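The values are calculated or read from the model by the stated rules, or taken from the named source; none is laboratory data. What you see is a predicted model; the values in this text were computed from it and never measured. For neighbour counting, all protein chains shown are included, and Cβ atoms are generated from backbone atoms with ideal geometry for every residue, glycine included. The protein model used for the area step is the full one, side chains on, heavy atoms only, and it has no ligands, DNA or RNA in it. Shrake-Rupley method; radii C 1.70, N 1.55, O 1.52, S 1.80 Å.
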Amino acid sequence: MKNTIAFDSQARAFTRDIHPRPGHSVARSAIRRWLAVGGMAAGLLLLPRDSAAAQFIETTVPGWTNMTQTPWVTAWGDYDGDGYLDAFVPRSAGFSGAATNLLFHNNGDGSFTAKSAFEVGAIVEDWDLSIGGEWADANNDGYLDLLVVNNMTGATGAAVPARLYLNNGNGTFASVDAGALTRPHYAWGWGHWVDYDRDGWLDAFLATAVAAGSHRTNCLFRGVGDRIFVQETTGPVATNRVASSFSNESLWTDMDGDGDPDLLVSNIDRDFVYRNEGLGQFTRWTGHILEQAGNGSARYFPADLDNDGDIDLLWSSANTRVYFNDGQGNFVLQQTIAASTPEAGDFDNDGDLDVLFVGDGNPQRLRVYTNDGTGKLTLDNSVLPETGLWIGGVWVDFDNDGFLDQFVQRPSGAGRTQVLLRNQGNANRWLKIRLVGTVSNRSALGAKVRVLATWGNRSVWQLQEITSFLNTPDGLRAHFGLAEATHADVVRIEWPSGTVQEMANVAPNQILTVVEPPAIHVTATRIATGLRLRCETAPGTAIELQGSLDAKHWNVLSNSITDAEGRGLMEVPMEGESGFYRAIRR
């Protein structure tokens, strides 16, 4: 009989069989944790608050250009590293013609400057039918790059290239050859970044399947380093064909809580659900509630609505379904709301996620549903002024005052006008977390940030997952409302590498930058008296080995300090046939 040892990184469990003979090396784990990294507070721009009753006030943003072409959802990211989120606006000439895109620099004083091709390069010079942009660091050099998805003129039209604009680090961008990613594809929907195999290099997915033509499959690209991508041609994600209609959008999120990003594909006829089995392998979850016949969506929005520590879903088509997650990726329908295009965000900083909807039939009007703290959403007409018709938007704290504003689009003749609904704020506190991966991908896509705070008689855990999708709120920053809490009791980061990092008593009202610590590599060898564990990490690191029989209650087994070569050795007895062990930084 084999003994089994599971190494728990608190983000996912690594299990290997151990043959009962001494000296046999059996397990390797990415188990690491706990380095308090000092953060820095970004400069705050305090704008005068309006005394009107509505939480949001319609504002014209200085320097923001009204659109004579058709803009799509704005992508927010700090491309120049000054601490303020800048805005990329993909554009087209209606639904069939090319146009140049726009890049607005955030000046940090409440105003923006539209950048010219002379100033920033090809990112605002290329003529395409662009429908979406996603910021992330494609080559791990510390600067945000931009993936731009370009649409074709019809379901049977010609293939078109996506664009990768590489950030040169000086405020300019170059359109580069990224291998298969930037070769022509039949692009029908949107595309997004992900590190699905958790190797530290970003991958990408494009929704390209459309039944009206011969290109009925989507495109999955694996990043192999230095912004080069190869297209996957095997496996269900790359080969599943739409039966009718087309794939519109996708979402990468850890549905089942095992640390790997799973994939949801919004098909207008019937959605695809893929479970990530690790190491880049996927299984089609055909029995899932989201894969029911006729259950086709336009898009998803991930949000832990009930603050129970897992990712719930807002499923959007003509209406919106609210699904709660049981923690294993099984969803239960909780509520159906007669509105579409949901965007979740804690706009009032009360410690739970509220939802703004753009579209409640015809005409489309903005509707805000507030969260009662249990995930129950209720319409609140007092939050927004009634200002007419709208077409989509995104939550973003453009002025770094700690309150999420909303950029929305209004139909305006042949084009659209983008308008800021500026958040008037309140007395509640807040915290933003900006992550910098070192072992993980630099943008920390796939990371989970958990914050514990106490106010009144309640201690509340909140969860934000760093992921790339059409309505990514507040750039790649994790935003938390802290209500009346004087501090965050715990900030816990579960990195894609498996590292788990914690900080205690974190001050509120700041933008905290956290850098991923060096990994701890653990090798386990069965010996006659138990286990010999070899740990490798940075020199002089104090490591504590803990053991458990149920992965819930942990006991300290041994301590070690790594030597000048970053190595530490511990021997511990092993009781019974199985056990859980973890190595943490002291």
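Would you mind telling me the antiparallel percentage of the DSSP bridges in the chain, rounded to 5? The antiparallel fraction comes to roughly 90 percent. About the centre of its Cα atoms, the stretch 404-511 shows a dipole size close to 280 debye [charges on the beta carbon of Lys, Arg (+1) and Asp, Glu (-1) only; nearest 20 debye]. Across the stretch 106-113, coupling constants 3J(HN,Hα) worked out from phi with the 6.51/-1.76/1.60 Karplus curve, θ = phi - 60°, read 7, 7, x, 10, x, 10, 10, 10 Hz, and Gly and Pro carry x.
Shape class of the stretch 403-490 from the Cα gyration tensor (axes a ≥ b ≥ c, square roots of the eigenvalues): oblate, since a/c reaches 1.5 or more and a/b does not exceed b/c.
The magnitude of the dipole of the chain, with charges of +1 and -1 set on the Cβ of Lys/Arg and Asp/Glu and taken from the Cα centre, is near 1040 debye. Shape of the stretch 346-487 from its Cα gyration tensor (a ≥ b ≥ c, root eigenvalues): rounded if a/c is under 1.5, otherwise prolate when a/b > b/c, or oblate? Because a/c hits 1.5 or more and a/b fails to exceed b/c, the stretch 346-487 counts as oblate.
For Ala507 and Arg284, the difference between the fully extended length at 0.36 nm per residue and the C-alpha to C-alpha distance is 75.9 nm.
Its DSSP H runs of at least 4 residues, each contributing -39,500 (n - 2.57), put the calculated 222 nm mean residue ellipticity of the chain at 0 deg cm²/dmol, to the nearest 500.
Where in the stretch 59-150 are there GluC sites (Glu not before Pro) that are in a DSSP coil and have at most 11 other Cβ atoms within 10 angstrom of their Cβ? Walk me through the intermediate numbers first.
Working: sites: Glu119, Glu125, Glu134; in loops: Glu125.
The qualifying sites: there are none.
Rounded, prolate or oblate: which fits the stretch 211-308, taking a ≥ b ≥ c as square roots of the Cα gyration tensor eigenvalues, rounded meaning a/c under 1.5, else prolate when a/b beats b/c?
oblate
Within the stretch 497-586, the GluC sites (Glu not before Pro) that combine a DSSP coil assignment with at most 16 other C-beta atoms in a 10 angstrom radius are Glu565, Glu575, Glu577.
On the stretch 267-398, 47 percent of the accessible area sits on carbon and sulfur atoms, based on a 1.4 Å probe.
Using the Cβ-Cβ distance between Ala159 and Asp308 with R0 = 41 Å, the FRET efficiency computed as 1/(1 + (r/R0)^6) comes to roughly 0.40.
Within the shell of other residues whose beta carbon sits under 12 angstrom from the beta carbon of Asp141, the net charge comes to -1, with Lys and Arg scored +1 and Asp and Glu -1. Ordered from largest to smallest accessible area (heavy atoms of protein chains, 1.4 Å probe), the residues Asp197, Asp226, Asp304 come out as Asp226, Asp197, Asp304. Rounded to whole numbers, the Karplus 3J(HN,Hα) couplings from phi for the stretch 56-64 are 10, 10, 5, 9, 8, 7, x, x, 8 Hz, using 6.51 cos²θ - 1.76 cosθ + 1.60 with θ = phi - 60°, and x at Gly and Pro. Rounded to 0.05, the FRET efficiency of the Gln334 and Gln231 pair, given R0 = 41 Å and the Cβ-Cβ distance, is 0.60. Under 5 Å from the amide H of Thr513 lie the amide H atoms of Met40, Arg434, each residue being 5 or more positions distant or on a separate chain, with H modelled from the backbone and absent for Pro and chain starts. Residues whose amide H falls under 5 Å from that of Trp455, counting only those 5 or more places apart or on a different chain, are Val460, with hydrogens built in the peptide plane. Computed from phi, the 3J(HN,Hα) profile of the stretch 440-448 under the Karplus parametrisation 6.51, -1.76, 1.60 (θ = phi - 60°) reads 6, 4, 4, 7, 6, 4, x, 6, 10 Hz, with x in place of Gly and Pro. Given Gly530, Pro518, Gly481, which one lies farthest toward the positive end of the charge dipole of the stretch 467-586, if we put +1 on the Cβ of every Lys and Arg and -1 on the Cβ of every Asp and Glu? Farthest towards the positive end: Gly530.
Say R0 is 35 Å: what FRET efficiency, to the nearest 0.05, do Val224 and Thr523 get from their beta-carbon distance?
0.85
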